[in-house]
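The values are calculated or read from the model by the stated rules, or taken from the named source; none is laboratory data. These numbers come from a predicted model, not from an experiment. Cβ atoms come from the backbone with ideal geometry, glycine included; neighbour counts cover every protein chain shown.
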Amino acid sequence: MILVFLSLCLGALLSALYHFPWYWYLLFSIGLLPWSFFRRKNKEPLLIVSSFLLGAFLFSLNVLPSGEYEIVGFKVGSRITSGRVFRDGKWRKVRSMKIDSSEEGYIYAVGYFDGKVFHPTYVKTVNKPSLKTLKKSFSEKLSGSAVSLLFGEKNSEIYKSGLGHFYAVSGLHIGIAFSLYTTVVSFFTWRRDIQESVALLLLIPYVFSVGTPSVMRAYLTLGMWKIFQALEFKTTSSYITATVGSFMILLDPTVVFSPSFLLSFFVTLCILNSKGIFDLTIKAYLSALPFLCLFFGETNISTLLFSVPVSLMIIPVTWFAHCSFFLFLIGLKAPAALMAKFANVLAIPLDTTVRLANLFPVIPLPKFLYFILILIPLSLLFDIRDIFHRISNRASL
């Protein structure tokens with residue numbers, strides 16, 4: 001399943017670079033039919049090529065051409081999602097796209113799309129209450145390090161410290177929140193399946209309010225894992241993670257351009273077979289290194305020194321931050337503010353560690369190193385020696 005996931009990613013990426021019409025990929029797929037007949041015993045190459053063509057085909061559909069547009073949608077980070085554009089006299093759905101704007105939340109914008117980025121000349125925020133606007137409402141009332149950790153908000157100091165991945169909401173944050181909710185629900189019922197089901201439901205407002213690919217990946221992976229456990233279906237964590245990644249690409253192929261998506265999936269797949277916390281820390285750093293090079297152009301070696309203590313520090317902070325968010329959600333704003341203040345007090349050692357990490361030198365990573373560093377996560381994902389052995393055996397035959 002990992003090969004299917006990687007093939008879908010590669011197909012979508014190459015389709016973005018080379019804008020072939022969608023029917024070209026359909027013709028290529030038809031051309032595979034004779035090959036599939038003669039290669040019935042070994043279906044792995046056919047599966048890889050088919051997944052590649054499927055990713056490219058899906059990305060080529062409904063590609064928005066360059067031009068002037070009106071657009072409405074939800075702006076999160078640097079992208080606009082759930083968007084619609086006014087085109088040919090109608091409002092039409094459009095995939096997520098990058099937008100050059102500092103506004104957050106639901107927006108209406110008029111501007112020019114150059115094929116990659118939407119450049120608005122006019123932007124207006126729209127008041128539209130929903131789960132997606134919870135983050136903005138909560139952040140306007142409460143602030144501090146705990147809120148930043150809860151929603152993955154990072155400043156320049158956090159970026160330079162090399163500890164920014166702890167502020168990016170992903171599997172660690174979802175796991176901590178899930179353990180909190182299951183613990184609370186356990187006071188009302190001893191049944192583990194009910195505890196986990198209620199905890200998953202309570203996480204929905206938080207997941208949608210953050211809305212990043214990494215938090216979606218973590219939530220869907222956790223949910224699928226619990227469903228398979230309930231059905232007594234034997235599987236592996238890497239299979240589930242790759243399945244969730246493939247599903248997200250099928251829904252929206254443009255997600256492969258999100259740093260959150262790439263970092264979340266590649267790092268997660270690389271650390272699943274880790275043996276101990278120190279092995280996990282090393283693998284997480286090495287697998288993230290090529291993407292740090294590609295998107296940020298630098299790294300801080302303090303990550304290796306502070307990852308273990310920071311991962312322990314954020315547990316109580318995240319617990320109380322989630323308690324504050326839940327109290328705010330049900331309308332208890334005064335207790336929510338009190339809980340947030342307590343979480344900020346607990347975050348003082350974390351803030352001190354971030355400042356200490358900034359004393360370490362930042363190492364620049366030129367873009368060309370990406371093509372070398374990407375071999376590290378690939379070697380962690382696959383047994384390279386086994387692949388070469390299989391290729392050499394087939395060549396000899």
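Applying the condition of being in contact with a Phe, Trp or Tyr (Cβ under 6 Å, 6 or more places away or on another chain) and of a type outside the set (G, A, S) to the range 65-94 and asking which residue is farthest from S139 (Cα to Cα) yields E68.
Can Y167 be described as crowded, with 20+ Cβ neighbours inside 10 Å and touching a Leu at 6+ places or on another chain (Cβ under 7 Å)? Yes; evaluated as a whole, the condition is true for this residue. Note on the range 115-142: among residues that are surrounded by fewer than 17 Cβ atoms within 10 Å (Cβ to Cβ) and hydrophobic (A, V, I, L, M, F, W, C), the one that is nearest to L329 (Cα to Cα) is L131. The requirement of being charged (D, E, K, R) and in contact with a strand residue (DSSP E or B) (Cβ under 8 Å, 6 or more places away or on another chain) is fulfilled nowhere in the range 144-154; no residue meets it. Here S7 meets each of (1) surrounded by 19 or more Cβ atoms within 10 Å (Cβ to Cβ); (2) hydroxyl-bearing (S, T, Y); (3) at pLDDT below 80 with one exception, condition (3). If the condition is being without any contact (Cβ under 8 Å) to a residue 24 or more places away in the chain and outside any helix (DSSP H, G or I), then the range 305-347 contributes I330, G331, L332.
Please determine whether any residue of the range 102-119 is free of Cβ contacts under 8 Å to residues at least 24 places away in the same chain, among the small types (G, A, S), assigned by TED's automatic domain parsing to the domain that holds M339 and part of a loop (DSSP other than H, G, I, E, B).
no
Is it the case that some residue within the range 353-363 is of a type outside the set (A, V, I, L, M, F, W, C), more than 20 Å from H165 (Cα to Cα) and out of contact with any helix residue (DSSP H, G or I) (no Cβ under 7 Å at 6 or more places or on another chain)? No, every residue in the range 353-363 fails to be of a type outside the set (A, V, I, L, M, F, W, C), more than 20 Å from H165 (Cα to Cα) and out of contact with any helix residue (DSSP H, G or I) (no Cβ under 7 Å at 6 or more places or on another chain). Test S139 against the stated conditions and say whether it is under 30 Å from P361 (Cα atoms) and outside any strand (DSSP E or B). Against the criterion (under 30 Å from P361 (Cα atoms) and outside any strand (DSSP E or B)), S139 does not qualify.
I'd like to know if the range 327-349 contains one or more residues that are in contact with a strand residue (DSSP E or B) (Cβ under 7 Å, 6 or more places away or on another chain) and either modelled with pLDDT of 90 or more or surrounded by 13 or more Cβ atoms within 10 Å (Cβ to Cβ) (or both). Quick ask: steps written out before the conclusion?
Going residue by residue through the range 327-349, those that are in contact with a strand residue (DSSP E or B) (Cβ under 7 Å, 6 or more places away or on another chain) are none.
There is no residue in the range 327-349 that is in contact with a strand residue (DSSP E or B) (Cβ under 7 Å, 6 or more places away or on another chain) and either modelled with pLDDT of 90 or more or surrounded by 13 or more Cβ atoms within 10 Å (Cβ to Cβ) (or both).
Each residue in the range 143-164 was checked for being loosely packed, with under 15 Cβ neighbours inside 10 Å and more than 20 Å from A336 (Cβ to Cβ), and 3 pass. Just one of (1) in contact (Cβ under 8 Å) with a residue 24 or more places away in the chain; (2) under 26 Å from S82 (Cα atoms) fails for L251. It is (1).
Tally up the residues in the range 303-326 that are among the β-branched types (V, I, T) and surrounded by fewer than 19 Cβ atoms within 10 Å (Cβ to Cβ), please. Working first, answer last.
Of the range 303-326, the ones among the β-branched types (V, I, T) are 303, 308, 310, 314-315, 317-318.
In the following step, the residues that additionally are surrounded by fewer than 19 Cβ atoms within 10 Å (Cβ to Cβ) were identified as 308, 315.
Summing the residues that are among the β-branched types (V, I, T) and surrounded by fewer than 19 Cβ atoms within 10 Å (Cβ to Cβ) in the range 303-326 gives 2.
Under 6 Å by Cβ, and 6 or more places apart or on different chains, what pairs join a residue from the range 181-202 that is assigned to a loop (DSSP other than H, G, I, E, B) with one that is surrounded by 12 or more Cβ atoms within 10 Å (Cβ to Cβ)? Final answer for the pair search is S186/Q195.
Within the range 231-283, which residues are among the acidic types (D, E) and in a loop (DSSP other than H, G, I, E, B)? Steps first, please.
First, the residues of the range 231-283 that are among the acidic types (D, E): 232, 252, 279.
Listed by number, the residues that qualify are E232, D252.
Scanning the range 350-361 for residues that are out of contact with any Phe, Trp or Tyr (no Cβ under 7 Å at 6 or more places or on another chain) and either surrounded by 16 or more Cβ atoms within 10 Å (Cβ to Cβ) or not β-branched (V, I, T) (or both) yields L350, D351, V354, R355, L356, N358, L359, F360, P361.
Residue-wise test of (1) farther than 16 Å from P377 by Cα; (2) buried (at least 16 other Cβ atoms within 10 Å of the Cβ); (3) over 16 Å from the mean Cα position of the chain (by Cα).
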{"position": "P253", "(1), (2), (3)": "yes, yes, no"}
{"position": "S274", "(1), (2), (3)": "no, no, yes"}
{"position": "T281", "(1), (2), (3)": "no, yes, yes"}
{"position": "Y285", "(1), (2), (3)": "no, yes, yes"}
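Keeping to the range 78-100, report how many residues are among the basic types (K, R) and outside any strand (DSSP E or B).
Going through the range 78-100, the residues among the basic types (K, R) turn out to be 79, 84, 87, 90, 92-93, 95, 98.
After this cut, where a residue has to be outside any strand (DSSP E or B) as well, the list is 95.
Qualifying residue count, the range 78-100: 1.
Against the list (1) within 23 Å of the chain's Cα centre (by Cα); (2) under 17 Å from F113 (Cα atoms); (3) surrounded by fewer than 19 Cβ atoms within 10 Å (Cβ to Cβ), the condition G77 fails is (2).
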